[in-house]
Amino acid sequence: MATIDIPADMELVYQRPESLTPAHTHYCPGCTHGIIHRLIAEVLDELGLRERTIGIAPVGCSVLAYYYFNFDMAEAAHGRAPAMATGMKRTNPDKVVFTYQGDGDLAAIGTAEIVHSANRGELFTTIFVNNAIYGMTGGQMAPTTLPGQVSTSCPSGRDVELAGFPMHMAELLGGLPGTAYVTRQAVFDVRGIRRTKKALTTAFRAQLAGLGFTMVEVLSTCNTNWHMSVLGALEWAKDKMVGYYPLGDTKVSDAVRAMLEEK
Amino acid sequence: MAKGMVIIDEDRCKGCGLCVSVCPVNILRLAEGRFNAKGYPPVEVSDPEKCTGCASCAIICPDVVFTVYRRKRQPQPATAAA
Ligand SMILES: Cc1ncc(C[n+]2csc(CCOP(=O)(O)OP(=O)(O)O)c2C)c(N)n1
Ligand code: SF4
Ligand code: SF4
C-alpha cells in the first residue's frame, strides 16, 4: 500500500485487529464467515485476551481459521472441537478457550460433543455459525436447512416428513442447566453485527468469570451454495432464516445477569 | 472539508459489494474495467469529501479492507455575546 498522509486532526476509528494475522481468507466473496472472524478478533483485542486465547477450528469452510487468527489455534476432527476444548480448558483453566463450528460440524456429526459439553457446564465458549447448509462439501442439507430449502441432497426442498425438522440449537442448549449464556444473533446488517459483537463480549466475559458454558449462535450466509447473489442471500436470510430462527438470548443465568448489571 | 476518510487495502477486496450497500452517503462503488491482484473489481470512493467516518463499511466488510479515520471534534469557538 502506498503511504497516505493522515491529516493531523483526524483520529483512527477502525483498523485491522491485532488478533487477525495478515493472511487473506479463502472465503467466497461476501461470505459472512469473515465478518464473524473479525468480530471475535476485535472482542479479544478489546478484552486484552489475545495472549491467553486458544481457538479450535472445525471441519467445514472455516477449517483454515488457524491461518487467520493471530493466537494459538488447534484443529479438531469433524464435530469434536467441544471435546478438545473440554480437555484444553480443564488442563489450562487460566486460558480463554473457544470453538468455532459450522452447523454440519456442531449440529450433525458433533451433536453428542456439544450437547454433553454444554450439559457438563464446560467453561469454554462456542461460536456456532449457522448457515443452514454444508458449505465446504458443496451444499448438502444440514440439520439446520429450512423446510422446503433446496440443497444438493434435497433438490426438491427439505421434506420434514423424511428428513425431520431443522434443529434449534440455541434453544436446545439454553435449556440445559450447565449453560450460563446462550444467544442467537445474525450478521446480516450493521445493527446485527454490532449486537453480535456485544454478545461475543458477554460470552467471553462470562467465560473469564467461570460462570458456565457459553455459546453465541450466529446466523450466517452461504451465497455460493444457496445459489444467490451476495445481497440476495442477505435478504433471504433476513426474511426466511430469522423467521425460523428467532434472534435473542435463550439463556442468561442469574450470575451472567449480575455480571452485566455490575458494569 | 471531509469529516471522515477511509483507506482501502485494495488487494484484499473481493468485490462483494456489501460495503457499497451500507454506506449511508452512497460514496462507495466497485471499479469498472479495473481489477485487483485477486482478479476482482475493487471498491473505490467516488466522492471522498462526503465521507462521514461512520465506519459502516468497515463493520460489514468480511475481508477487513478498510481503515477509517474521523475528524476530531473541534472545540466550539466561544461566540461573542451580541
Ligand atoms: C469424519 C468426516 N465426515 C465427513 C466429512 C466431510 N465434511 C467436510 S465439511 C462437512 C460439513 C461442513 O458444513 P458446516 O459445518 O455447516 O460448515 P460450513 O462449511 O457450512 O461453514 C462435511 C460433512 C469430513 N471431513 N470428516
Ligand atoms: S461455500 Fe459458503 S460458507 Fe463456504 S466460504 Fe463460500 S459462501 Fe462461505
Ligand atoms: S465489503 Fe470488503 S470485500 Fe466486499 S466490496 Fe467492500 S471492501 Fe471489497
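General observations
- Cβ-Cβ under 7 Å pairs, at least 6 apart or on other chains, the range A:12-38 side acidic (D, E), far side at pLDDT 95 or above: A:E18/A:D45; A:E18/A:R50; A:E18/A:N70
- Candidates B:P24, B:P48, B:P42 - the one that is more than 10 Å from every other protein chain (Cβ to nearest Cβ) and open to solvent by 40 Å² or more (accessible area, probe 1.4 Å): B:P48
- Looking only at residues of the range A:184-196 that are out of contact with any strand residue (DSSP E or B) (no Cβ under 9 Å at 6 or more places or on another chain) and in a helix (DSSP H, G or I), we find that the one that is surrounded by the fewest Cβ atoms within 10 Å (Cβ to Cβ) is A:R191.
- Listing of strands (runs of 3 or more DSSP E) fully contained in the range A:1-114 that carry 2 or more residues being crowded, with 20+ Cβ neighbours inside 10 Å: A:53-57, A:96-102
- The requirement of being free of Cβ contacts under 8 Å to residues at least 12 places away in the same chain and within 14 Å of another protein chain (Cβ to nearest Cβ) is fulfilled nowhere in the range A:244-256; no residue meets it.
- When we screen B:K3, B:K14 for residues that are over 24 Å from A:G192 (Cβ atoms) and more than 16 Å from ligand 1 (Cβ to nearest atom), the only hit is B:K3.
- Output for the range A:133-142, where each listed residue is surrounded by fewer than 21 Cβ atoms within 10 Å (Cβ to Cβ) and either within 14 Å of another protein chain (Cβ to nearest Cβ) or more than 11 Å from ligand 2 (Cβ to nearest atom) (or both): A:Q140
- In this entry, A:H116 is excluded by the filter for residues that are within 16 Å of ligand 2 (Cβ to nearest atom), away from every other protein chain (no Cβ under 14 Å) and over 15 Å from the mean Cα position of the chain (by Cα).
- Some residue of the range A:74-96 being within 14 Å of chain B (Cβ to nearest Cβ) and without any contact (Cβ under 8 Å) to a residue 60 or more places away in the chain: no
- Candidates B:C19, B:C61, B:C13, B:C54 - the one that is within 12 Å of ligand 3 (Cβ to nearest atom), under 9 Å from the mean Cα position of the chain (by Cα) and within 28 Å of A:S229 (Cα to Cα): B:C19
- Which numbered condition B:E44 fails, given (1) over 25 Å from A:G192 (Cβ atoms); (2) free of Cβ contacts under 8 Å to residues at least 24 places away in the same chain: (2)
- Among the numbered conditions (1) within 7 Å of ligand 3 (Cβ to nearest atom); (2) of a type in the set (A, V, I, L, M, F, W, C); (3) over 19 Å from A:L234 (Cα atoms), the only one that B:A37 does not meet is (1).
The values are calculated or read from the model by the stated rules, or taken from the named source; none is laboratory data. Note that this is a predicted model, so its numbers are computed, not measured. All Cβ positions, even for glycine, are placed from backbone atoms using ideal geometry, and neighbour counts span all protein chains on display. Areas reflect the complete protein model, heavy atoms only, side chains present, ligands, DNA and RNA absent. Shrake-Rupley method; radii C 1.70, N 1.55, O 1.52, S 1.80 Å.
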